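A.B. asks: Below is a structure I'd like to ask you about.
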Amino acid sequence: MEATKPINLHDFYSRMVASARSFTELYDAMEGWAEVVLEENPILECQNGCARCCMHQVLVSDAEWDLIHAWMRDNLDKTKRRQIIGRIETQLEEPGNPLSRWLGMRNKHPRAFVRSVNQGFRSELTRCAMLGLDNRCEIYPVRPFVCRAYGRARMGGGNAMICEVFAGRFRQEGRNSDDIHLEEMTVLSPKYFELGQSKDGSAGLYTVMAAHVLRNRTSSGDLVKQPQSLLAETTFPVVTQDDFPIGN
Ligand code: SF4
């Protein structure tokens, strides 16, 4: 009898990503893939209560924001939604918090905006407003693409997207993060940008999640009922796929 060839789970989830027709399908595939990565590499297990990778403002597409917005309206009560909005308003007033500087860049230099936000991940701490006081993500079931890829994927250029905690563990064990089999951004990103396209097929629009929240708040400090597209945005920075670094 012919031996059955074992399924290569990395290939399997790569195909699932490639065939995803919605963010929900993409996220499901990434979830399965991340489990395989973790099972193969217990060194990548997050410490309970660690939220180092959430000390950041994440870039989120209009399409992802629609999902997050709907989920927040359906699953968080008004008090919680107001708390999240209030955290962002407080951050804007905090001296040294880069959020107001980044939002003040408007649309003059979209690539510089993306670069500042991305580089800020290493150098400027600014807590994601979706992170609760208990260091848990308050929108976990609909957290954005980048939050799902971080710590589980490798950039197009080859570098593993891992935090200082993981990097420290590799050093301690005398291992190299180049040697582990991770999810591939070269597979994930094209699908991410494809699904982020506007309904008319034009390039998707992106800004930091804090800006999505701010432009979707009511005068009473809650979230509006229907999400506002970035198409008409004139105050906050809005970027497209072309403004992201190559190999994202
Ligand atoms: S959305 Fe959630 S997982 Fe992503 S950075 Fe914010 S708190 Fe962390």
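A.B. asks: Once label points are set 7 Å from the Cα along Cα→Cβ at both residue 83 and residue 203, what is their separation, rounded to one decimal in nm?
C.D. replies: So the two model labels end up 3.8 nm from each other.
A.B. asks: Would you pull out the residues with amide H under 5 Å of residue 197's amide H, same chain only if 5 or more places away, H placed 1.01 Å from N?
C.D. replies: Hits under the 5 Å cutoff: 204.
A.B. asks: Okay, next question. Which cross-chain or sequence-distant (5 or more) residues have an amide H under 5 Å from the amide H of residue 184, H modelled 1.01 Å from N in plane?
C.D. replies: 154
A.B. asks: Which GluC sites (Glu not before Pro) in the stretch 155-248 sit in a loop by DSSP (not H, G, I, E or B) and have at most 14 other Cβ atoms within 10 Å of their own Cβ?
C.D. replies: 173
A.B. asks: Enumerate the amide H contacts of residue 60 below 5 Å, restricted to partners 5 or more residues apart or on another chain; note that Pro and chain-start residues carry no placed amide H.
C.D. replies: Those lying under 5 Å, H to H, from residue 60 are 207, 208, 209.
A.B. asks: Going by C-beta contacts inside 10 Å, put 69, 212 in order with the fewest on the left.
C.D. replies: The most exposed by this proxy come first: 69, 212.
A.B. asks: How far apart, in nm, are the 7 Å Cα→Cβ label points at residue 9 and residue 159?
C.D. replies: About 2.8 nm separates the two model spin labels.
A.B. asks: While we're looking at this one, here's another question. If one puts a single equal scatterer on every Cα of the stretch 71-148 and applies the Debye formula without solvent, what log₁₀ I(q)/I(0) results at q = 0.19, 0.22 Å⁻¹?
C.D. replies: Values, matching the q order: -0.98, -1.18.
A.B. asks: OK, next. To the nearest 0.05, what FRET efficiency results for residue 73 and residue 43 with a Förster distance of 45 Å applied to their C-beta separation?
C.D. replies: 0.70
A.B. asks: Can you tell me how much longer the chain between residue 171 and residue 50 gets when fully stretched, taken as 0.36 nm per residue apart minus their C-alpha distance, in nm with one decimal?
C.D. replies: 41.6 nm
A.B. asks: Hey, another quick one. What is the angle, in °, between the Cα long axis of helix 110-123 and the longest principal axis of the Cα atoms in the chain? Nearest 10 is fine, range 0 to 90.
C.D. replies: In the chain, helix 110-123 runs at an angle near 70 degrees to the longest axis.
A.B. asks: Which is the longest part of the chain that has none of the trypsin sites (Lys or Arg not before Pro) sitting in a DSSP loop with at most 14 other Cβ atoms within 10 Å? Mind showing how you got there, number by number?
C.D. replies: Numbers: sites that count: 21, 106, 108, 136, 175, 199, 225.
Maximal segment without exposed cleavage sites: 22-105.
A.B. asks: Taking R0 as 25 Å, what FRET efficiency do you get between residue 150 and residue 100 from their Cβ-Cβ distance, rounded to the nearest 0.05? List each step's numbers first, then the result.
C.D. replies: Numbers: r = 24 Å, r/R0 = 0.98.
Efficiency, from the Cβ-Cβ distance: 0.55.
A.B. asks: Could you calculate the FRET efficiency of residue 107 with residue 219 from 1/(1 + (r/R0)^6), where r is the beta carbon distance between them and R0 is 35 Å, rounded to 0.05?
C.D. replies: Calculated transfer efficiency: 0.90.
A.B. asks: At a 10 Å Cβ-Cβ cut-off, how would you order 76, 182, 195, fewest neighbours first?
C.D. replies: Working: 76 16, 182 24, 195 19.
Ascending Cβ contact count within 10 Å gives the list 76, 195, 182.
A.B. asks: Taking θ = phi - 60°, what integer Hz values does the Karplus form 6.51 cos²θ - 1.76 cosθ + 1.60 yield along the stretch 68-85, in sequence order, with x for Gly and Pro?
C.D. replies: Per-residue couplings from phi come out as 5, 4, 4, 5, 5, 5, 7, 10, 10, 7, 4, 4, 5, 4, 5, 4, 4, 4 Hz.
A.B. asks: A follow-up question, please. Residue 127 to residue 18: extension gain in nm, 0.36 nm per residue of separation minus the Cα-Cα distance?
C.D. replies: Full extension from residue 127 to residue 18 adds 36.0 nm.
A.B. asks: At a 10 Å Cβ-Cβ cut-off, how would you order 220, 198, 61, fewest neighbours first?
C.D. replies: Least to most surrounded, the residues fall as 220, 198, 61.
A.B. asks: Between residue 35 and residue 140, 0.36 nm times their residue separation minus their Cα-Cα distance comes to what? Before the final figure, lay out each step's value.
C.D. replies: Numbers: separation 105, 0.36 × 105 = 37.80 nm, distance 1.59 nm.
In short, 36.2 nm is gained.
Each reported figure results from applying straightforward, stated rules to the coordinates on display, with no laboratory input. Please read these numbers as outputs of a predicted model, since none were measured by experiment. Neighbour counts are summed over all protein chains in view; Cβ atoms, including those assigned to glycine, are modelled from backbone coordinates with ideal geometry.
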